[in-house]
Amino acid sequence: MTSTLPPYEVLPRDLQPYREGNTGIDYVHRFESGRAGPHVLVNALTHGNEFCGMVAATHLLDRGIRPKIGTLTVSFANVGAYESFDPAEPFKSRQLVQNLNRIWAAAELDGTADSPELRRARALRPAVAQADHILDIHSTSQDVVPFWVYPAYERNAEVALAIGRPPVHLVMPGGLGSGTPLIQHGRHGDPQGTGTAMVVECGQHFLQSSSDLATQVALDFLAHFGLIDADPDRAPLPPQRRFELLQTHVIKTTQFRFARPVVGFEVFDQGELVYTDGEDEVRSPVDGCTIFMPSREATPGKEAVYLTRPID
């Protein structure tokens, strides 16, 4: 956990020119080829301070990328949180009230609770439901290697492995364990469903390299499904590394502390202390336990860490 401010290589730009799309949903743009093919959604800003998705989405729109077949939808999700960004407190604009990426269960969307994020998810719901394949672009608070995140369905793994960039995969056999993310909404969360849906975590929020990777992955994703031509000069794929999500932990008290300094991808032996949370001690369940997404701060109710193990 750290309070050090990160370097800002990428900062917000005005998204008002993108507000009026052509779908009846603010900040959602759809382009139909008129030819048979899949419907692909590229989604940015599920979290307001994850600027790499904004860069990738505006690249697609500014460059006039249009599908050769099928349909392309480009969306900016939590623009309200994005517009609240303050460089003095850069992690607060992740959300306004709720984590937009944990509320995609039908029970929540159809319920009576209210928040800016729930209203936005309800507005975006038709666009998400209509897409055959979803790329949800994210970034991380710490400067760690980029990685995919997806439910452990073969249809997801095939696409992520074929694209191969980034070469690290976090696979979720039983879901996320702390709510329902966008990529598990509706049929995309059904083991017998169709279509692929995955998150790409592109690196630290404010680094140019994260935005560059997000743009490359968005283009690779579209090319994989035939909406655009593949890059003929693309480098060979690097070796892939896959990790299975074992446990998702949520912070209980303000006394939450990791046993040693961590940023992500640290490895723990079986039984080794990972963190304490008040009187609770959480220890590694297996040898080679690799942690993902450790929390920067002791905020009760926030995810503490993902515990994983290598599966390849």
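Quick note: the coordinates plus some simple rules give every number you see, no bench work behind them. Small disclaimer: the values here were computed from a predicted structure and weren't measured. Cβ placement follows ideal geometry from the backbone for every residue including glycine, while neighbour counts extend to all protein chains displayed.
A few points about this structure:
- Modelled FRET efficiency - R0 30 Å, L11 with Q270, Cβ distances, 0.05 increments: 0.10
- For the pair E279 and D312, the difference between a 0.36 nm per residue extended length and the Cα-Cα distance amounts to 8.4 nm.
- F91 versus E158: modelled label distance in nm, points set 7 Å from Cα along the beta carbon direction: 4.0
- Angle of helix 51-62 to the longest C-alpha principal axis of the chain, folded into 0 to 90 degrees and rounded to 10: 10°.
- Given +1 at the Cβ of Lys and Arg, -1 at the Cβ of Asp and Glu and no other charges, the dipole of the range 153-312 around its Cα centre is 180 debye to the nearest 20.
- Label zone at Q240 (point 7 Å along Cα-to-Cβ), backbone N below 16 Å, the range 294-312: 310-312
- Taking the C-alpha atoms only, the angle from helix 208-224 to the longest principal axis of the chain is near 50 degrees.
- Dipole magnitude for the range 47-147: about 340 debye, using +1 per Lys or Arg Cβ and -1 per Asp or Glu Cβ, origin at the Cα centre.
- Of the residues T299, H249, V149, the one whose Cα sits farthest toward the positive end of the charge dipole of the chain, with +1 on the Cβ of Lys and Arg and -1 on the Cβ of Asp and Glu, is V149.
- Theoretical FRET efficiency, 1/(1+(r/R0)^6), r = Cβ-Cβ of R260 and D190, R0 30 Å, to 0.05: 0.15
- Straight-line cross-link partners of K252 among the lysines, defined as a Cα under 27 Å from its Cα and at least 8 positions apart when in the same chain: K92, K302.
- Treating r as the C-beta distance of D26 and L61 and R0 as 22 Å, the FRET efficiency rounds to 0.95.
- Prolate/oblate/rounded label for the range 222-312 (Cα gyration tensor, a/c 1.5): prolate
- Extension gain, D287 to D110: 0.36 nm times the residue separation minus the Cα-Cα distance gives 59.5 nm.
- Rounded to 5, the percent of DSSP beta bridges in the chain classed as antiparallel: 50
- Taken about its Cα centre, the chain carries a charge dipole of roughly 560 debye when the Cβ of each Lys and Arg holds +1 and the Cβ of each Asp and Glu holds -1.
- Taking the helices alone, the chain has a mean residue ellipticity at 222 nm of -6000 deg cm²/dmol, built from -39,500 (n - 2.57) per DSSP H run of at least 4 residues and averaged over all its residues.
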